[in-house]
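The values are calculated or read from the model by the stated rules, or taken from the named source; none is laboratory data. None of the values given here were measured: they were computed from a predicted structure. Cβ placement follows ideal geometry from the backbone for every residue including glycine, while neighbour counts extend to all protein chains displayed.
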2 protein chains.
Amino acid sequence: MIVITKNDIDAMDQRYRVNFINSLSGFKSVNLVGTVDAEGHSNVAPFSSVVHLGADPALVGMVSRPDSVLRGSLKNIIETGWYSLNHVTEQMLEQAHQCSARYAENESEFTATGLSESYSPLCPAPMVAQSPLSMLIEYKEHHRLAINNTVFIVGQIREVHLPQESLLDSGLVDLEAIGSLACSGLDSYHGTQRLARYAYAKPDKPLQEIDEHS
Amino acid sequence: MIVITKNDIDAMDQRYRVNFINSLSGFKSVNLVGTVDAEGHSNVAPFSSVVHLGADPALVGMVSRPDSVLRGSLKNIIETGWYSLNHVTEQMLEQAHQCSARYAENESEFTATGLSESYSPLCPAPMVAQSPLSMLIEYKEHHRLAINNTVFIVGQIREVHLPQESLLDSGLVDLEAIGSLACSGLDSYHGTQRLARYAYAKPDKPLQEIDEHS
């Protein structure tokens, strides 16, 4: 084991530090965020920071850096009040990663990468047709971090599109059945294999495995 | 594909809804959060909401529900200003899940589950000796969500303990080499296999794979 201190981190080459620090949180979700601006121009960008915030009301959070290529998404979300979250599979992975390129503001990442838009009557935000699980999210609030101006965006899940067979009897969505990927660092994408499920833990009771299949 | 609306979500059985909504963000990191209270009692609890917030300064965020078993962690973090984040492997998975049980306030999850504490001269927060990657985090700020009172905690990475051989030349930590797990929903744990790494994407340039091994 080695110990890396704050001084070591401060002394790192900028690109090396970005790769290193981005790895440390552990595995992350991969979602494409679909938005539209007030003039109707669509935008889609990958986010690896979507987190669960509560089930009732059904809330998700995500992190946006105001100085990044994601500025378009943040602006559109606050302007229109809506966005979509779309899981990414191996079949659409290259297109999803390519959406992180800094395209000109009038160029849609959908057109540039060949991903297709799909819509619900609920709201103006585009979903990604190639995604096996898409959600429409209503913007609720955001918090700007004092320490680095990063923005934490909070939204409510208003509609979920997914394959019937991925929904287990317990309510769990079988993310492996639909091919959702995980990522690590800035650029590494991973498939998964379930190791185990465990029942709600209680003091002084042995852990119980859950066995449930679709 | 089926469409699940807000009305459908509202009508779900509470336990089913918790399983369903918890699945939707995608794969999550698994970290044990180590803290100590002002009297020196240690606490360790699993969190699946740790996210990257920036590399310079090196920041991580995580979500805590004020009304959950994690209250102890949140209280200790704000009281002492320190916590540890510790990745979870298959070898320590049952103990890590068991830490989510509601033990009495004077009972340490370390003692109850057989996980071992380890310390750095830097701060009073305990690390988990069984973990292959541990970080010591200095508490910086927190934000309380207006919509459901959930707390988003922001901290700075002050020290990282990890195996030398997991650190690739680019700065990326090979999370598969150290056996870090991913999770989904409330109770499902997953191993991973890397599918690909891609270079920084640029408009009008084909995507390039990165090939780097430890």
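Before moving on, here are some points about what is shown:
- For the stretch A:109-132, taking the residues that are in contact (Cβ under 8 Å) with a residue 60 or more places away in the chain and away from chain B (no Cβ under 11 Å), the one that is farthest from A:ALA45 (Cα to Cα) is identified as A:PRO124.
Let's see how each residue does on (1) crowded, with 21+ Cβ neighbours inside 10 Å; (2) closer than 28 Å to A:LEU93 by Cβ; (3) touching a Pro at 6+ places or on another chain (Cβ under 9 Å):
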| position | (1), (2), (3) |
| --- | --- |
| A:ILE153 | yes, yes, no |
| A:GLN164 | no, yes, no |
| A:SER170 | no, no, no |
| A:VAL173 | yes, yes, no |
| A:ILE178 | no, yes, yes |
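- Some residue of the stretch B:14-23 being among the basic types (Lys, Arg) and more than 27 Å from B:GLY179 (Cα to Cα): yes
- Among the residues of this structure, B:ASN7 does not count as one that is in contact (Cβ under 8 Å) with a residue 60 or more places away in the chain, more than 19 Å from B:PRO132 (Cα to Cα) and part of a helix (DSSP H, G or I).
- Residue in the stretch A:72-80 that is in a strand (DSSP E or B), buried (at least 18 other Cβ atoms within 10 Å of the Cβ) and small (Gly, Ala, Ser) present: no
- In the stretch A:152-163 there is at least one residue matching the filter, namely being within 25 Å of the chain's Cα centre (by Cα) and in a loop (DSSP other than H, G, I, E, B).
- Single residue of A:LEU122, A:LEU53 found to be outside any helix (DSSP H, G or I), crowded, with 20+ Cβ neighbours inside 10 Å, touching a Leu at 6+ places or on another chain (Cβ under 7 Å) and modelled with pLDDT of 95 or more: A:LEU53
- Extreme residue, nearest to the other protein chains (Cβ to nearest Cβ), among residues of the stretch B:26-42 that are over 23 Å from B:SER188 (Cα atoms) and touching a strand residue (DSSP E or B) at 6+ places or on another chain (Cβ under 9 Å): B:SER42
- Any hit, the stretch A:62-79, residues being facing another protein chain (nearest Cβ under 10 Å) and farther than 19 Å from A:SER134 by Cα: yes
- Pairs, first at the interface with chain A (Cβ under 9 Å from one of its Cβ atoms) and at pLDDT 95 or above in the stretch B:133-155, second in a loop (DSSP other than H, G, I, E, B) and buried (at least 18 other Cβ atoms within 10 Å of the Cβ), C-beta under 6 Å, six or more apart: B:VAL154/A:LEU145
- B:GLY185 vs. criteria of a type in the set (Gly, Ala, Ser), touching a residue at least 60 places away in the same chain (Cβ under 8 Å) and more than 8 Å from chain A (Cβ to nearest Cβ): no
- Each residue in the stretch B:130-142 was checked for being closer than 10 Å to B:GLY34 by Cβ and part of a loop (DSSP other than H, G, I, E, B), and 1 of them qualify.
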